[in-house]
Amino acid sequence: MAVNTDKNSYTVIFAAVMVVIVGSILAFLASALRPNIQENERFEKQQNILYAMGVNENGDDAGTVNFIPTDEVEAEFASYIKEQLVIEGGKTTADKEAYLIDLKKQLAAKKKGQPYKLPLFIGEKDNKKFYIIPMYGKGLWDAIWGFVALDDTMTVQGVYFDHKAETPGLGANIKMRYFMDDFSGETILNGTQYAGISVAKGNNDPLNKEKDDNEVDALAGATITGNGVSAMIKESVNLYKPYLETIRVK
């Protein structure tokens, strides 16, 4: 018996069958690839943390961001990151997998008044200690995040920023090296107060030679994203302030 392919019922049944087949294939692929995806996410976090403390393969080209390769990053992470800590309820404990904590989920729990954990990393390079704190915030269109590395004088030793959906050529430039490099040498203190660092559109120091003004020059056409970075840094500094007070040179 011939099938009448002109009937609406045939079209509906055919479409439903294809949806089931394609959905099953995608579900299988997602399940099969999940371990690889998780491993890549783990390597990426390690690369970002190391980048913030200046462990990377950057050359003289200020426009290029070069991470430690994925086949080397695990060993380099273990070499440079001497301690991983978790701050919870006023207590600080060691945790070798603190870097896997999802800060977005922890901040959501905090907002609901639930217990939350804050990861923090202590690195060493050239006989100097780095205190690296993760950050998470909101840009113009979606999430922004990153890491800031401090020394015990609360001077920024390096940063790394990334985003989910900022405008290419504008807000997306927060992950460009020339922007991130401006933060190095800045202090998060204004006197003895924790002030963070503002991405300032009216900054009178476009060459970023003043390192005690708590400001870096804004990105052209990216005011809202810049404001998001400023707010993210300030909020993160306030979150970690109790710990930072224990290591700050006074």
(message) If I ask for residues that are under 19 Å from residue 223 (Cβ atoms) and more than 13 Å from the chain's Cα centre (by Cα), which ones from the stretch 119-141 would you list?
(response) 140, 141
(message) Consider the stretch 75-90. How many of its residues are modelled with pLDDT under 95 and not small (Gly, Ala, Ser)?
(response) 0
(request) Tell me which of these residue 40 doesn't satisfy, since it passes every other one: (1) over 28 Å from residue 231 (Cα atoms); (2) open to solvent by 20 Å² or more (accessible area, probe 1.4 Å); (3) assigned to a loop (DSSP other than H, G, I, E, B). (result) (3)
(message) Please count how many residues of the stretch 102-124 are touching a residue at least 12 places away in the same chain (Cβ under 8 Å), out of contact with any Asp or Glu (no Cβ under 6 Å at 6 or more places or on another chain) and either surrounded by fewer than 17 Cβ atoms within 10 Å (Cβ to Cβ) or not in a strand (DSSP E or B) (or both).
(response) 7
(request) Tell me, yes or no, whether the stretch 166-179 has at least one residue that is in a loop (DSSP other than H, G, I, E, B), at positive phi and touching a Lys or Arg at 6+ places or on another chain (Cβ under 6 Å). (result) no
(message) Looking only at the stretch 189-242, how many residues end up being assigned to a loop (DSSP other than H, G, I, E, B), over 21 Å from the mean Cα position of the chain (by Cα) and not hydrophobic (A, V, I, L, M, F, W, C)?
(response) 15
(request) Identify all residues within the stretch 161-217 that are within 16 Å of residue 229 (Cα to Cα), among the aliphatic types (A, V, I, L, M) and open to solvent by less than 60 Å² (accessible area, probe 1.4 Å); write none if there are none. (result) 165, 172, 174, 180, 188, 195, 197, 199, 200, 216
(request) Pull up the stretch 63-101, narrow it to residues that are of a type in the set (A, V, I, L, M) and farther than 17 Å from residue 239 by Cβ, then point me to the one that is surrounded by the fewest Cβ atoms within 10 Å (Cβ to Cβ). (result) 94
(message) I'd like to check something: does the stretch 232-241 contain any residue that is more than 12 Å from residue 182 (Cβ to Cβ), open to solvent by 40 Å² or more (accessible area, probe 1.4 Å) and in contact with a Phe, Trp or Tyr (Cβ under 6 Å, 6 or more places away or on another chain)?
(response) yes
(message) Which condition from (1) outside any helix (DSSP H, G or I); (2) open to solvent by 30 Å² or more (accessible area, probe 1.4 Å); (3) within 21 Å of residue 85 (Cβ to Cβ) is the one that residue 158 breaks?
(response) (2)
(request) Please indicate, with yes or no, whether at least one residue in the stretch 160-182 is polar (S, T, N, Q) and in contact with a strand residue (DSSP E or B) (Cβ under 6 Å, 6 or more places away or on another chain). (result) no
(request) Kindly indicate whether residue 131 is of a type in the set (Ser, Thr, Tyr), closer than 18 Å to residue 241 by Cα and open to solvent by less than 40 Å² (accessible area, probe 1.4 Å). (result) yes
(request) Report whether or not residue 136 is open to solvent by 40 Å² or more (accessible area, probe 1.4 Å), assigned to a strand (DSSP E or B), closer than 20 Å to residue 42 by Cβ and touching a residue at least 24 places away in the same chain (Cβ under 8 Å). (result) yes
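The values are calculated or read from the model by the stated rules, or taken from the named source; none is laboratory data. Since the model is a prediction, treat every value here as computed from it, not as a measurement. All Cβ positions, glycine included, derive from the backbone under ideal geometry; neighbour counts span all protein chains shown. Only protein heavy atoms, including side chains, enter the accessible area calculation; ligands, DNA and RNA are left aside. Shrake-Rupley method; radii C 1.70, N 1.55, O 1.52, S 1.80 Å.
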